[in-house]
1. For the stretch 51-124, what % of the accessible area comes from carbon and sulfur atoms, probe 1.4 Å?
2. About the Cα centre, and with charges only on the beta carbon of Lys, Arg (+1) and Asp, Glu (-1), how big is the dipole of the chain? Nearest 20 debye, please.
3. Amide H of Cys107: which non-local residues (sequence gap of 5 or more, or other chain) have their own amide H closer than 5 Å, using H built in the peptide plane?
4. Note the direction-averaged projected area, equal to a quarter of the hull surface, for the Cα convex hull of the chain, in nm².
5. Can you tally the net charge around Arg45? Count Lys and Arg as +1, Asp and Glu as -1, for every other residue whose Cβ sits under 14 Å from the Cβ of Arg45.
6. Suppose accessible area is computed on protein heavy atoms with a 1.4 Å probe; arrange Ser30, Ser68 from highest to lowest.
7. Just order 72-80, 31-39 by mean Cβ neighbour count inside 10 Å, highest at the front, would you?
8. Accessible area per residue for the chain in Å², computed with a 1.4 Å probe and the full protein assembly in place, what is it?
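The values are calculated or read from the model by the stated rules, or taken from the named source; none is laboratory data. Just so it is clear, the structure is predicted and the values come from calculations on it, not from any experiment. All Cβ positions, glycine included, derive from the backbone under ideal geometry; neighbour counts span all protein chains shown. We work out accessible area using only protein heavy atoms, side chains counted, and drop any ligands, DNA or RNA first. Shrake-Rupley method; radii C 1.70, N 1.55, O 1.52, S 1.80 Å.
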Amino acid sequence: AEKKSGMPLMVSPKDMKWSALPERPGMQFSVLSGDPKTSEYTQIRKVPAGTDNPLHSHSSEIKNVIISGAWYTGVDAKSAKDFGPGSVIIMPANWVHVSGCRAGSECVFYQEGKGKFDFRPAAD
């Protein structure tokens, strides 16, 4: 969906090309700009309902804007808060946290990464 120089990016959900996220089975993404494997990017993410991501971090800042579902995040499962449609979550690089999609419906969100996407499990 990458825009050509000087042209607006306009894409509807039916035109998005979805790929599996190798780091997190069941999750899908559709790249809008950049390349999450190597550099800054924007993408739409789909996460199955009931998905739990254990303690982890990312090496660059990530911004999520929730479109649908109930996404949760926090420093641990007990204190994690739920975020519904319209919520904005900006996570600094190297912030150790849990996250996931509550049971009931899949989560869809817009994501901006300030660098390549990575999922780094926290050391026990």
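1. Values: 2090 of 3740 Å².
The value for the stretch 51-124 is 56 percent carbon and sulfur by accessible area.
2. Values: 15 positive and 13 negative charges, 53 e Å.
Charge dipole of the chain: 260 debye, to the nearest 20.
3. Val47, Ala49
4. Details: hull surface 31.1 nm².
Taking the Cα atoms of the chain, their convex hull projects to 7.8 nm² on average.
5. Values: positive: Lys17, Arg24, Lys46, Lys63; negative: Glu23, Glu106, Glu112.
So the surrounding residues net to +1.
6. Values: Ser30 5, Ser68 40 Å².
These residues rank, largest area first, as Ser68, Ser30.
7. Working: 72-80: 13.1, 31-39: 14.9.
Final packing ranking: 31-39, 72-80.
8. Values: 7060 Å² over 124 residues.
Here the residues of the chain average 57 Å² of exposed surface.
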